[in-house]
Amino acid sequence: MKGQYWIVSKNFDGVPKVTDFELKEEELETPKNGEILCEALFISIDPYMRIFGNVCGATMIGEQIAKVLESKHENFPVGSIVAMTAGWRSHTISDGSNARLVTVPDPLPISLALGVLGMPGGTAYFGLKHVAKVKKGEVVFVNGAAGAVGSIVGQLAKIEGCTVIGCASTEAKLNYLKEIGFDHVFNYKTQDLDKSLKDAAPDGIDIFYDNVGSSASCQVLKHMKSRGRMAVCGTMAGYNDKDGPGTNQTGPLPFHDILLKELLVEGFTFWRFIDRRDEAEKALCQLIHEGKLKYKEHVYQGFDQMVTAFLDMLAAKDIGKIVVKL
Ligand SMILES: NC(=O)c1ccc[n+]([C@@H]2O[C@H](COP(=O)([O-])OP(=O)(O)OC[C@H]3O[C@@H](n4cnc5c(N)ncnc54)[C@H](OP(=O)(O)O)[C@@H]3O)[C@@H](O)[C@H]2O)c1
């Protein structure tokens, strides 16, 4: 059987380019004892690929939902569906160590296991509940609000009984945020941040869920209430820095505000909560079934669209979770 895979053919220099990738073909053997042969159904497009995927000559990294075509592994019968960290590959032979069986209840699409019912949804859930420790009646601000993580953070905060403020870069994104229940939205590219936050939260912000890590994030700290919490989830603004992700971030943070308002600033990754991922999946699935939580996917069609989808994600073109359907 022939398979295809994308490699990084040239190290990224700032914003990645189409010419930094190359599509390769390979002949796959029949699986040996203890192995499975899988065919990708959906491949996830995530910001972390820009940070950790920059390895010249290597297969581009990432998670996918795949179907087991052949199996010599007792845990993975033929026809079962797995989530696996196989990278940008159409077909994969695996010993099962990078795969786990996944199910998504009907009629939800299986691709949700890469989005709201996967790592991005879990990041929103644990970040808001267990890092920021959200409480009823609080004021929550999230940036990158129309993205895979931000759109779930805002809705979960609404479900908790909070006032939710979100920002994004286009009218279409702001409309989506209003549709899913955000109380206040603004365009950070065309509207003044200080004025927008003052209008939306005259008494200040309790929780700042930061997906972006820009100089504007420092500015937000000036709008926090006493004992406010900032959950540092991502630093999207710095992933394309010339000398590598985050290298242009110099600071200083507004330490005076952090001191006098006794703010808590905490970074976290989903991997801290990996052993509890079922808890998030179950809770988020329940909320979807109850009609309380909405999700949006932007689906690119075809393995040849991997690079386009990745570059579009970095350019923040789409709304919600980006996946590629094979
Ligand atoms: N800590 C963890 O374990 C973990 C897990 C998953 C994701 N993350 C991080 O969480 C963040 C969001 O991830 P995601 O999956 O939701 O990504 P996403 O769907 O691509 O959304 C990211 C959003 O950030 C905004 N953005 C991009 N560049 C920006 C810039 N320079 N300034 C301001 N906003 C910018 C974009 O919207 P607009 O510019 O249009 O507003 C985009 O909607 C990323 O930083 C990611 O690395 C962290």
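Figure note: M1, M306 ranked by solvent-accessible area, largest first, 1.4 Å probe, ligands and nucleic acids not counted: M1, M306. Considering the chain as a Gaussian network with a 10 Å cut-off on Cα pairs, which listed residue, N211, N248, N33, attains the greatest mean-square fluctuation? In this elastic network of the chain, the residue with the biggest mean-square fluctuation among N211, N248, N33 is N33. Net charge of the neighbourhood of T30, taken over other residues with C-beta under 13 Å away and scored Lys/Arg +1, Asp/Glu -1, is -2. Per residue, the Cα convex hull of the stretch 119-271 amounts to 107 Å³. When each of the peptides 252-262, 217-227 is scored by the mean number of other C-beta atoms lying within 10 Å of its residues, the order from highest to lowest reads 217-227, 252-262. Kirkwood radius, the chain, all distinct C-alpha pairs, inverse of mean reciprocal distance: 20.6 Å.
What accessible area per residue comes out for the stretch 275-326, rounded to a whole number of Å², with a 1.4 Å probe? Please list the in-between numbers first.
Details: 2660 Å² over 52 residues.
Each residue of the stretch 275-326 exposes 51 Å² on average to a 1.4 Å probe.
Computed over neighbours whose Cβ is under 13 Å from that of F52, the net charge equals -1, Lys and Arg +1, Asp and Glu -1. Multiplying the residue separation of I159 and A315 by 0.36 nm and removing their Cα-Cα distance gives an extension gain of 53.2 nm.
Modelled this way, with points 7 Å down the Cα-to-C-beta line, the labels at L23 and T247 are 3.1 nm from one another.
Return the FRET efficiency for the residue pair N98, S226: r is the Cβ-Cβ distance, R0 is 51 Å, and the value is rounded to the nearest 0.05. In this case the efficiency is close to 0.65.
E22 contributes about 80 Å² of solvent-accessible surface, heavy atoms of the protein only, 1.4 Å probe.
Bridges between two residues of the chain, per DSSP, are antiparallel at a rate of about 55%. Between K32 and K135, the simple label model (points 7 Å from Cα in the Cβ direction) yields a spacing of 5.8 nm.
Taking a threshold of 22 Å on the Cα-Cα distance, which of the pairs K292/K321; K136/K292; K129/K198; K133/K178 fall above it? Going by Cα-Cα distance, K129/K198; K133/K178 fall outside the 22 Å limit.
Per residue, the average separation of C-alpha pairs within less than 8 Å and at least 6 apart gives the stretch 119-271 a relative contact order of 22 percent. The relative contact order of the chain, computed from alpha carbon pairs under 8 Å that lie at least 6 residues apart in sequence, is 17 percent.
Of the whole protein surface, K317 contributes about 140 Å² of accessible area at a 1.4 Å probe radius.
Computed from label points 7 Å out along Cα-Cβ, the spacing between V299 and K189 is 2.7 nm.
If DNA, RNA and ligands are ignored and the probe is 1.4 Å, what is the ranking of W6, W271 by accessible area, most exposed first?
The ordering from most to least exposed comes out as W271, W6.
When every alpha-carbon pair in the stretch 1-157 is counted, what percent end up more than 22 Å apart? Beyond 22 Å sits 52 percent of the P(r) for the stretch 1-157.
The values are calculated or read from the model by the stated rules, or taken from the named source; none is laboratory data. Predicted model, so just to flag it, every value in this text is computed and none were measured. Methodologically, a virtual Cβ is constructed for each residue, glycine included, from the backbone with ideal geometry; neighbour enumeration extends over all protein chains shown. Accessible surface areas use protein heavy atoms only, side chains included; no ligands, DNA or RNA. Shrake-Rupley method; radii C 1.70, N 1.55, O 1.52, S 1.80 Å.
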